[in-house]
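First comes the structure, then the notes that go with it.
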């Protein structure tokens, strides 16, 4: 049996013997083409040659290219793991003619390689030929049909439509009709009962495409029309994973030597054997596929993020983690342990990776770790939603619930959709889209604000001293004027400030900025933006005549700050009481702390009785009356804080250094907000209401007085 390396070598050697020059594959993260996120075909690096923007150094070229198809026109992500041959990252064997040979030589060389070099039986091959398209005004590919008629029986030739036999790299760019080569892998009895021609392009797992030969004659323009290219090109692509499967006599790509090392490691890691259970088999295929994409892209310098290419990789990581968590009992980060295995497998490409293995492990590990808590709580909430659907005999979830998962709890909507789908449940996408649009409208002003440039007076950093001071002498670092709802506001960042910016559920401080005790300007809000405390004035007092180097006296409204601090400290005590009463699985799911009241959301799968609500209120007040002293620890290493048992709130992101707020042995949390020095300062804690805000989440509103 040929190894995968031998199969690749035969391909390259065959075309080199036919006058082709081997060229190095391009990187998978596409940084030179704004129309593509990732290299999705071997021809990407030759695009400018096809468009006539430059000349080719060679007339005939061959190579093997790693590709990623998880976004845009070519997207196989949702199919991965379900069957045995879809992948996110795959290898594409290819040969190209740069205005040299065309249809006849391309087809005959492909046929010769498959039947003579690889020894594939001729009667197992079926081919498709473009049948033309009325909209594009393209014709039936009679030439290819006649060439194939001399090589295979006519009942092995299938006419295809634009979808199957007109290849395009994206919405714009080089394109053309194509002829595909399919192979029938069924046993002889099955082949006799149903002719293979009937199963071509019918999503049959044993009659599959292995090679696509594209005749580049056109360019798809922005207006959707086709422009005929000045020269003719041949662009072929053969899926390496599928070819290896065929030549190694396997029924799935995952059974080949390409995935053997990954599956062995996963079996050792989980104690679960592959090909023992359909559910765990899917999970294992997802993981061993996804880990290749993750490692290669991160090695090329791509980091998981919430935008563009980074978000694609974040989705792949989360999808892999979710399958490991739910079906293979992998409850801790595990993907990072595959990094060396993947890199060793792809040394054949001799890429100059810009990230070393240890850094790749660190990036992948941190991404996994940050997602695990979100996943654990999110899956529990989705399980509740599924149970509710089953109890109500419905298969459609309210789009509002899915939006809440996304907006409030940070659970990716595509992951929610995937998990629901496993139970045959969908969700109201129209309602979700409506809520998403409303959210975007609400945040539009914030986006516009971020686009407004700052007038920089001093390039220094802002320092917050509000834990220790209620007033400071301060100077302007930068300022800008913004307009919202036909009103103008002045935003100022000072070099030093006692004003707390809205964050962590706590509202921002208000107060005044004084100049020489003669002039005062009201600060109506403080926001935390990119780590800075941004002071908002409704009086745009800075103009061309104003000295921006003036020293201000900043004073917060300390009476209001005291009320806010009382409510913030009360939320810590409230959470501690709720966990004592209902178990350590209870966590904060959201909060808001203001001067007039507090709001605290928490996970629990039932309504609280009136007696329980009264008991919560009583227990909180009992702790308050004991006069527990607030203990503050600043600049604590995050790992040390975890070891000491400090609570980290769901959905929050923390830096390397954190602040810990403790009230004796009652509560210990990571927190950046303001607090009372002693619980007696909180006063009387009164619950105003306790209500259900979604499946598995309750909200307590309370006031301290």
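The values are calculated or read from the model by the stated rules, or taken from the named source; none is laboratory data. Small disclaimer: the values here were computed from a predicted structure and weren't measured. Every residue, glycine as well, gets a Cβ built from its backbone with ideal geometry; the counts of neighbours run over all protein chains shown.
Just give me the residues in the range 32-52 being at pLDDT 65 or above and over 15 Å from residue 216 (Cα atoms), in sequence order.
Across the range 32-52, the qualifying residues are 36, 37, 38, 39, 40.
Which condition number does residue 403 fail, the rest of (1) at pLDDT below 90; (2) within 25 Å of residue 270 (Cα to Cα) being met?
Every listed condition holds for residue 403 apart from (2).
How many residues, within the range 565-587, are in a loop (DSSP other than H, G, I, E, B) and free of Cβ contacts under 8 Å to residues at least 24 places away in the same chain?
Count: 4.
What helices (runs of 4 or more DSSP H) completely inside the range 101-178 contain at least 2 residues that are touching a helix residue (DSSP H, G or I) at 6+ places or on another chain (Cβ under 6 Å), touching a residue at least 12 places away in the same chain (Cβ under 8 Å) and in the same structural domain as residue 51 (by TED's automatic domain parsing)?
Answer list for the range 101-178: 103-112, 142-149.
One line per residue, one yes/no per condition, for (1) at positive phi; (2) modelled with pLDDT under 85; (3) buried (at least 17 other Cβ atoms within 10 Å of the Cβ); (4) touching a helix residue (DSSP H, G or I) at 6+ places or on another chain (Cβ under 7 Å):
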| residue | (1), (2), (3), (4) |
| --- | --- |
| 353 | no, yes, yes, yes |
| 359 | no, no, no, no |
| 364 | no, no, yes, yes |
| 380 | no, yes, no, no |
| 454 | no, no, no, no |
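Within the range 299-309, take every residue that is touching a residue at least 60 places away in the same chain (Cβ under 8 Å) and outside any helix (DSSP H, G or I) and give me the one that is surrounded by the fewest Cβ atoms within 10 Å (Cβ to Cβ).
301
Conditions (1) in the same structural domain as residue 592 (by TED's automatic domain parsing); (2) over 37 Å from the mean Cα position of the chain (by Cα); (3) without any contact (Cβ under 8 Å) to a residue 12 or more places away in the chain, marked per residue:
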site: 470; (1), (2), (3): no, yes, no
site: 473; (1), (2), (3): no, yes, no
site: 478; (1), (2), (3): no, no, no
site: 482; (1), (2), (3): no, no, no
site: 497; (1), (2), (3): no, no, no
site: 503; (1), (2), (3): no, no, no
site: 512; (1), (2), (3): no, yes, no
site: 527; (1), (2), (3): no, no, no
site: 530; (1), (2), (3): no, no, yes
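Can you work out which of the residues in the range 332-351 that are at pLDDT 90 or above and not in a helix (DSSP H, G or I) is nearest to residue 274 (Cα to Cα)?
Checked the range 332-351; the qualifying residue nearest to residue 274 (Cα to Cα) is 334.
Return the total of residues in the range 382-425 being out of contact with any helix residue (DSSP H, G or I) (no Cβ under 9 Å at 6 or more places or on another chain), within 23 Å of residue 698 (Cβ to Cβ), in a loop (DSSP other than H, G, I, E, B) and touching a residue at least 24 places away in the same chain (Cβ under 8 Å).
1
Select from the range 231-273 the residues that are in contact with a strand residue (DSSP E or B) (Cβ under 8 Å, 6 or more places away or on another chain) and either outside the structural domain of residue 185 (by TED's automatic domain parsing) or in a helix (DSSP H, G or I) (or both) and list them in ascending order.
Hits for the range 231-273 are 240, 241, 242, 243, 246.
Can you find a residue in the range 283-292 that is farther than 20 Å from residue 345 by Cβ, in the same structural domain as residue 363 (by TED's automatic domain parsing), modelled with pLDDT of 90 or more and loosely packed, with under 15 Cβ neighbours inside 10 Å?
No - not one qualifying residue is present in the range 283-292.
Counting only residues that are touching a helix residue (DSSP H, G or I) at 6+ places or on another chain (Cβ under 6 Å) and closer than 17 Å to residue 254 by Cα, which one in the range 53-83 is modelled with the highest pLDDT?
Restricting to residues being touching a helix residue (DSSP H, G or I) at 6+ places or on another chain (Cβ under 6 Å) and closer than 17 Å to residue 254 by Cα, the top hit is 80.
Can we say residue 312 is assigned to a helix (DSSP H, G or I) and either crowded, with 19+ Cβ neighbours inside 10 Å or not assigned by TED's automatic domain parsing to the domain that holds residue 79 (or both)?
Criteria met by residue 312.
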